[in-house]
Structure formats: C-alpha cells, structure tokens
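This report refers to the structure that appears directly beneath it.
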Amino acid sequence: MAEPSSYRPKEIPEEPGVYRFYNGSDKVIYVGKAKNLKNRLTTYFGSNLAQKTYRMVHEAVRVDWTIVGTELEALALEFSWIKQYHPTYNVQFKDDKSYPYLAISMADEFPRIFITRKEKRPGLKYFGPYTNAWALRNTYEVLLKVFPVRSCSAGNFQRAQRTKRQCLLGDIGKCAAPCVGWVTPDEHREIAVKLDAFMEKGMENLLPTLRAEMEGASEREEFERAARLRDQIESFEKAQRSTQGNLSDELDGDFISLHEEGLHAAGSIFIVRRGSIKGSRSWIVDQERALEGDDQIGSLFFSIYSQSAPADIPSEVFVNHDPVDRVALEEWLTSLRGAKVSIKVPQRGEKVELLQTVERNAHYALVQYLSKRATDAAVSGKALLELEEELQLSRTPLRIECYDISNISGTSVVASMVVFEDGLAKKSEYRRFIIDTDTAQDDTRAMHQVITRRMKRLLADRTVNQSEVAETGGKLSKFAYPPQLIVVDGGAPQVAAAQRALDELGITDVALCGLAKRLEEVWMPGDKDPLILPRTSEGMYLLQRIRDEAHRFAITFHRSRRSKVMLESLLDEIPQLGETRRAALLDRFGSVTAMRKASAEELASTPGIGATIAAIIFGHLQNLSQSGVDMATGEILDS
C-alpha cells in the first residue's frame, strides 16, 4: 500500500473541478467533484479517515484533477467519468433484474408490437419497464384484441405472405392480418398509431372515439362489431379503475425513493403520468467499497437519467430525501431535457404517500436481492472459506450454531439456537431453551447454562452405539451432529462463559467466537482484542445474518413466553377463577392480547366460564387497558 504523503499534491487550485485517484496499475479507482478542489482534496490526506476512505487513499498512488467553470459542469463530468471508468470506490447502482418493455416498431412498413428485455435499439418505441411480467403479458393479450397489430416475427410474416395463409392470431381476431391483405398497409398503420396514442395518453381520448364507433356501428345495424367495441370499452374501463387507483388525474412526474438498510441500499422509481403509473424500476446500490459520505441520491439519478431521451424526463421529480447537490442535479436534468426540471421533497399529501409506496418497493427489491445472495452457493462457499481463514479454524465451518439470550430484568429468560449448514439456515434444527433463573440471572450465566445443556446432549448422543441404532432402525438425535463453529451474540464476557462450558465438559474440537453488536467486532476465546473483519466481506455478512436470525428467534420466543406469564399473573388476580378455569382460558387464548380482543360472549363460551364470570374478566381487562398497560407485553406505559 502506498503512503498518501508520497503523492500528496501541492498548489491545488481553489476552483470547482473533478478529481481522479489512480492505483499502481494506472486504473481510476475513485472520481469525485468539488466546489473548491483544494479544500476537498486536503481532507483525503488528513488523519482520522473513515475506513473505506483510508483504504482508497492508501491503494492510490496519484491523483489528478480537471478545473471546470461551474458546479453543473463538474457534476456532468463526474457522471461521465464514472460511466467511463467504473471506479472501484464510487457508489454505483445496478439493476436488480432485467425488466420487460413493450416495444412497437413504428418505423417498419407493417409496425409490429412485441415484449422485450433487450437493450433499447433505434427505430423502436418503448413503453415501460414493467415490474410484473405476468400482468404485462395479460395487458399484451388485451391490447392485441383491441388493436390487432402484427406481433409475429419477420420470418413468419414473410411466410404468410408467400402462402397467402394467415396465422392463428388472424383467425382468432388478435391480428388484422395485413400479410394476406385483410387490411391495407395504411389501415394497419392507422391501428398501430391508435395503439401508440393509447400507450402515450391512456384512455381519455380513446374511450370517446370507441363509444362513437360503437354507436355508429349500432345505427348501421353492425351488431357484432358494436358488441366487440362494447366489450373493449368495458375492458379498458376496468383496467383504468384497477391501475389508476386513487391517484388524482393531475399527478405527474417521477417519484424516486432510496431505502438504506445497514451496508446495503436500493432505489426505486415510479413513472407517473396524468395520475397513472406508467412504469416502475428498481436498482441495487453496489457500495461494497464505496466511500463513506458519497451522495447516493445523485448516483441513483445518474443511473436513471444518464441515457434517457429528453421526452422521458418530466418537469418535476419527487424524492424522499433531499440530494446534496440539488441545484446542480436540477441544472443537469434541465440540460438533458431542454426545459426546466425541478426536484422536490414533498412534506404531506398523496405525493408523500406515493413516495412511501415507492420506498416499500425499494425495500422489497433489496430483500429479494439479499435473499438471492444468501442462497447463492458460490457466495456461501466464499463466506465459509473467509471465516475459516480469518478465524484461523482447523476446518471449514460447514455447520454453524449461534446462541442468543433474551430477557428483561432477569425475568422470563430464554435462549435461542439457530443452525446454518453450508451457509444456509436449517430451521428444522432450531431450538429454544427456557433458562433456569435460580442459577442464571444474567446473560453470561445464561450463556454458560445453554451451552452446557446443548453440549451435554451432544456428549450423550456420542456415547450411543451407532451400530445398535442401525440395527433397531432408530435415528440419532439432531443434537448428535456437532458444529464446527459456535457463534454467541455478545463480546468477551459471553465468549468466556461459553468457553468455560466447553472446557468443563472437555470439548476441544468445536471452535467458538462472539459477535458484538456495537462495532461488529469478532471476539475469540482468550484474546484481549477483537478481530475487525472487513464490513463488506462475505464472511462478516454471514456472521451478521446468523446473529440476527438467532436474535429474531430469541425475541419471538421471549415475547410469547412473557405474554403467557402475564396471562397467568392476570388470571391469578381474579378470585372467581380456580385452577381448572384458568387452565381452560390459558389453553384457549394463550395471551392477554388474545383475551383482550375477545368479547364477553367469546369468554363465556370457554368451558367452565359462564356469563357472570366472563363479565368479571371482561371488566378486569378493560380496567387494565385504561390504566396504561401494554396488553402485548405487560409493560406499564407512561401517562
């Protein structure tokens, strides 16, 4: 790694510009812009740099810059260089999937409509993209019924022209069959123009025309044609009601939201024209080595608009977070569109609600991406190998068990055990433990207890004669499979408690580590200092996912356990309830929340509970609710 002082530049101009950092192979690894180059570049050669910035400046061997006249020119040049060089440390968004488009070849003699996922080509008019391919296919079928434009390939079209025999689509009314002369080229183009107008403007101009044609056909006693037009009108009105929902007709613009979750982020856009959502799309941020503090909204704008046609850029763009360089982005979009573009952050009303929906789409896109990444065998294999190397394990941890403790003030203490095999969750082998609080009042004692209980089961199953199991047709307990690595949720104290349990049982062939939430440090037994794994490494990501799953599993069990304990306590407070009646209520409802939602009649229908006692229980629950008690957790709320 290079020492930044060895290439620190001197005499940096105090003007706006764009700078590039190069590595030893003369590859651009980072591009940035600045209003004042001197002030900005100086920060890279100071102390207390963030982790990724520190890594970048030490990987670089030189930096250069280009002075520009305005901040807008700096923004445009930065986007251009990011696109050209694909720098390692810049925030870059990538499509989370290939979305389909509806395309019309208006430049052809006989225009054709088709669905495509390929890159845009000149001469084609595109509509979309569409996130729901199934819905697009249904829409496509309806469009062919209303606008029977050619949809076949050039080869099929030419074959029909030679044989003078139309295809099945012509026979069923989904093609006007210009190949065999059912319509003239001009008539077929007129159908294509109507389809294009419909896709551009929606139904506001089309429906009156269809109604006029239906009435004219009816007056001419062309009843079959009138019936077809009637069915088309009903289909479009139904589609209009289902797609536009409650959006007002004057709503127009692009709605963009960014959703961040830990080290990951995703962005989504809804393209809204005249109150109708014409398309949507999502991007995943590729920030594995992106520098801290980079403007992700600006990078998302570049991904969306850098190759957009001027007509595709609206006059207003609505975002859920204010960009760092809003003015420069507005000027950049204005230059692309050739007309004024405004970027706004709505504060209330339907625009805020729509942006929230867009953000939910971004969140879902991120969840899908992470889920796909988690089940990728290549990624999981890389993560396991990284853990083996970083933790200096004697073998690859193909089976990992993680433990977490959940309690509030030492009450209802529970523990969870989750199992990952080959980097994937194996939920059938998850286990939950109720901790004996007489001997374990805190997290460390509870961790010692649960590791001891689990390892005793392992030792007991190891003593079973496996040949006897085979002869009797029995199966080994799931506890008989030893983990190669145990992960505990916590730092040095929890790791020490778990190691003490292993030592007391004489177990030496199971590795152990802890993952502390505060700084995501990895603690190894006996070490004074933690390991700091790269936050973007696959091994760290797998440890975090296992730890978070153990925490989720423990919290879920703790809540149900606490709710049941609260219900038992509540029932003890009602003197009219004996042991049998309490057991019946516990068996039927299971929690105070369930009882709170029940009516007096439902309570009375419980075996052994009559109308009189049901009324007493119902009144008692109402008093608890009015006194400020959280019925889900039993917590006394602040007044």
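The values are calculated or read from the model by the stated rules, or taken from the named source; none is laboratory data. As the structure is a computational prediction, the values presented were derived from the model and not from experiment. Here the Cβ is made from the backbone with ideal geometry for all residues, glycine too, and neighbour counts use every protein chain on show. We work out accessible area using only protein heavy atoms, side chains counted, and drop any ligands, DNA or RNA first. Shrake-Rupley method; radii C 1.70, N 1.55, O 1.52, S 1.80 Å.
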Surface accessible to a 1.4 Å probe, Arg273 within the full protein complex, Å²: 40 Å²
In Å², nearest 10: area of Asp404 left accessible to a 1.4 Å probe: 10 Å²
Sequence of Thr612, Thr606, Thr444, Thr43 from largest to smallest accessible area, 1.4 Å probe: Thr612, Thr43, Thr444, Thr606
Which listed pairs, of Lys382/Lys427; Lys10/Lys33; Lys351/Lys517; Lys145/Lys351; Lys83/Lys517, have C-alpha distances above 30 Å, in listed order: Lys351/Lys517; Lys145/Lys351; Lys83/Lys517
His86 accessible area, 1.4 Å probe, all protein chains in place, Å² to nearest 10: 110 Å²
Among 338-348, 538-548, the order from most to least packed when residues are scored by Cβ within 10 Å on average: 538-548, 338-348
